[in-house]
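Notes to accompany the following structure.
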Amino acid sequence: MPTYAYILVSLALFFVGAAGVLLRRNVLIVLMSVEMQLAAGTLALLSFSRALGDQKGHVFAFFVMALAAAEAAVGLAIVVSVFRTRRTASLDEVNGLKG
């Protein structure tokens, strides 16, 4: 497949993720949308790396995947903590992390 096809798929993934972040009110859906945006960025890095014949994009993609895993772990820990105290996972009802 040509590089532009991968970039178009990456662009579509990023816009779907951005729409999920902006339009949804459930914390878990927002976290999944952020993960989708990171996956879109990784796909773009890998497609440009393949097109240029350079391996540096693969290294950056590995770091983005590690960052996504850390973000998911911390994000889910915060969601569980908020859910235990407030009994909701809606962004509308959780307006701050006041003690």
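Per the Kirkwood formula applied to alpha carbons, the chain shows a radius of gyration over Rh ratio, Rg over Rh, of 1.10. Fully extending the segment from M32 to L11, taken as 0.36 nm per residue of separation minus the present Cα-Cα distance, adds 5.9 nm. Considering only I7, A68, L43, and ranking their Cα positions along the charge dipole of the chain that arises from unit charges at the beta-carbon of Lys, Arg, Asp and Glu, the one farthest toward the positive end is A68.
With contributions of -39500 (n - 2.57) from each DSSP H run of at least four residues, the per-residue ellipticity at 222 nm computed over the chain stands at -28000 deg cm²/dmol. In this simple spin-label model, placing a label point 7 Å from the Cα along the Cα-to-Cβ direction at both S81 and A18 gives a separation of 3.1 nm. Taking 0.36 nm per residue of sequence separation and removing the Cα-Cα distance, the M1/A51 pair yields an extension gain of 16.9 nm. Membrane-span-like helices in the chain, defined purely by DSSP H runs whose alpha carbon atoms cover 20 Å or more axially and whose average Kyte-Doolittle hydropathy reaches 1.6, are 3-23, 27-52.
Read the figures in this text as sums done on the coordinates, not as results from a lab. All values reported here derive from a predicted model rather than from experimental measurement. Cβ atoms come from the backbone with ideal geometry, glycine included; neighbour counts cover every protein chain shown.
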